[in-house]
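The values are calculated or read from the model by the stated rules, or taken from the named source; none is laboratory data. If you're wondering where the values come from, they're calculated on a predicted model, not measured in any experiment. Positions of Cβ are generated from backbone atoms using ideal geometry, with glycine treated the same way; all protein chains shown enter the neighbour counts. To get the accessible areas, we keep the full protein, side chains included, count just its heavy atoms, and leave off ligands, DNA and RNA. Shrake-Rupley method; radii C 1.70, N 1.55, O 1.52, S 1.80 Å.
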Amino acid sequence: MAAAGGGNPSSSRSFRDPRRRPPREGYGVYVYPNSFFRYEGEWKGGKKHGWGKLLFKDGSYYEGEFVDGEITGEGCRLWASSGNTYSGQFVLGEPQGHGIMKYKAGGHYEGELSHGAREGHGHLVDPDGQAYWGSFHDNKRHGQGHMVFQNGDKYEGNWVQDRRQGHGVLCRADGSTYEGQWHSDVFSGLGNMTHCSGAIYRGMWINGHPVAQAKRIVITGPEVMDVAQGSSFTLSVQLQQDNGEVAKGEDGRVLKISAGVRYVQLPAYSEVSFFKVNKDSQETPIQTPFGFDCIAYPLWSPKSGGLEPRAALESARDLLPPKGELEPALASNTFRGQRDIPGGVPGENSSPSSWGLKPQCPEDCQRVEQGCAQFSDVRLGPPPPGYSPVFFLNDPREKADGRPRGGLGPGRTTPTMQDLPGGSR
């Protein structure tokens with residue numbers, strides 16, 4: 001009886017479900033008591049060891065190497081909650097070492113990890129296609145790195161906690177570049193900005209804005225200049241800050257000067273000469289910030305190789321109406337609203353403009369150096385095609401003798417700005 005009774009427990013253990021006890025050696029399947037985990041794979045000494053697959057009840061799984069019951073070595077992991085997958089090295093159940101993480105939302109990471117987070121050197125591509133190569137710390141871009149943004153901009157430099165900070169170089173898609181200090185993802189500190197247009201700013205930046213930025217363009221010297229047609233003059237231009245100081249940190253900005261003839265309403269007779277504009281040459285007046293409209297007038301330079309003012313004036317005389325046609329023209333009001341004689345002070349324009357012809361003006365554009373530019377040997381050119389000088393008599397008595405006492409007649413000199421109304425200088 002004792003022998004029989006002693007044999008019953010042994011017999012009972014021999015028929016127990018093997019899944020209730022982990023296999024000792026070889027290949028086997030084991031479902032854990034809480035039924036959340038299920039393992040099938042290689043065993044050694046009653047522990048998962050070798051190659052196997054651990055499945056989770058929520059649909060997650062790990063497949064790869066095990067060492068002494070722990071997930072350690074090369075393997076692949078799927079997280080059902082996020083849909084992310086990882087293939088690479090594991091240590092004690094966590095991604096650690098080198099591997100590739102693919103994100104369900106888009107993008108991927110390939111590089112070094114520690115305790116499941118990006119740590120060390122790696123390559124990250126986000127859902128928008130932006131790519132980063134460089135150092136990581138605590139899952140964030142940190143240290144030296146290179147970034148290519150969605151809009152084509154490129155940055156190479158220092159990062160702190162996922163933000164550009166320290167020294168870095170930004171190359172924009174339009175060709176502009178910035179090299180200098182950053183803080184919290186914006187220009188901050190000393191830096192150089194080279195715009196795609198060629199303009200350069202060197203100096204201090206605060207919160208992404210230059211401290212000593214030029215706010216206005218100023219022509220230095222007297223407000224009114226007496227300029228005779230054909231005589232040269234010089235213009236000095238400064239880029240100034242709000243406080244009036246020269247923005248010496250700015251280089252390379254291209255300035256263009258142009259002359260303008262004021263658009264005015266004149267009486268039927270006047271002491272000044274102005275242009276009769278052919279109907280085919282009519283153009284819309286240009287608005288100016290000075291309270292009046294003007295029409296662009298070409299400049300001339302001896303270096304251009306164009307027609308000299310004396311020859312231009314002779315050509316203009318050939319276009320004058322015969323004496324018999326002059327008085328009827330003077331008696332009418334058809335020329336009201338025409339333009340003044342070209343005597344206005346040339347202004348500046350930061351962008352090229354068309355004047356209806358191709359004047360030879362090689363000196364009308366200058367690049368700024370340390371906030372200053374100078375236009376030398378500038379002259380007023382001949383009238384554009386279609387603009388004919390028309391003479392007005394000083395008073396009705398001049399009609400009697402038929403001799404105009406003002407304007408550009410044979411034997412008379414070119415009128416200077418002293419001859420003009422004050423508002424048109």
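With a cut-off of at most 13 other beta carbons within 10 Å, and DSSP calling the residue loop, which trypsin sites (Lys or Arg not before Pro) in the range 71-120 qualify? Please list them. Please list the in-between numbers first.
On the way: sites: ARG77, LYS102, LYS104, ARG118; in loops: LYS104.
Hits after loop and neighbour filter: LYS104.
In the range 26-167, with Lys and Arg counted as +1 and Asp and Glu as -1 at Cβ, which of these residues, PHE90, TRP133, VAL31, has the Cα nearest the positive end of the dipole, that is, farthest along it?
Of the options given, the answer is VAL31.
What do you get for trypsin sites (Lys or Arg not before Pro) in the range 37-70 restricted to DSSP loop and a cutoff of at most 12 other Cβ within 10 Å of the site's Cβ?
Filter output for the range 37-70: LYS57.
For the pairs LYS53/LYS104; LYS154/LYS248; LYS140/LYS215, flag any whose C-alpha to C-alpha distance is greater than 30 Å.
LYS140/LYS215
Rolling a 1.4 Å sphere over the protein heavy atoms, what is the accessible area per residue of the range 26-167, to the nearest Å²? Intermediate values should be presented prior to the final figure.
On the way: 7400 Å² over 142 residues.
Using a 1.4 Å probe on heavy atoms only, each residue of the range 26-167 averages 52 Å².
Around GLN89, under 12 Å between beta carbons, what's the net of Lys plus Arg minus Asp minus Glu among the other residues? Display every interim value, and only then the final one.
Values: positive: ARG77; negative: GLU65, GLU74, GLU94, GLU112.
Residues near GLN89 contribute -3 overall.
I'd like the carbon and sulfur percentage of the solvent accessible area for the range 26-167, probe radius 1.4 Å, heavy atoms only, ligands and nucleic acids excluded.
50 percent
Report ³J(HN,Hα) in whole Hz for each residue of the range 46-60, in order, from the Karplus equation J = 6.51 cos²θ - 1.76 cosθ + 1.60 where θ = phi - 60°; Gly and Pro get x.
Along the range 46-60, the couplings run x, 10, 5, 7, x, 9, x, 9, 10, 10, 10, 5, 7, x, 6 Hz.
For a label point 7 Å from the Cα of ASP128 along Cα→C-beta, name the residues of the range 165-181 whose backbone N is under 15 Å from it.
173
In vacuo Debye scattering of the range 26-167, one point per C-alpha: log10 I(q)/I(0) at q = 0.15, 0.18 Å⁻¹?
Evaluating at q = 0.15, 0.18 Å⁻¹ gives log10 I(q)/I(0) of -0.77, -0.97.
List, in order, the whole-Hz ³J(HN,Hα) value for each residue of the range 21-32 obtained from phi through the Karplus relation with A = 6.51, B = -1.76, C = 1.60 and θ = phi - 60°; use x for Gly and Pro.
Each residue of the range 21-32 in turn: 10, x, x, 8, 9, x, 9, x, 10, 9, 9, 6 Hz.
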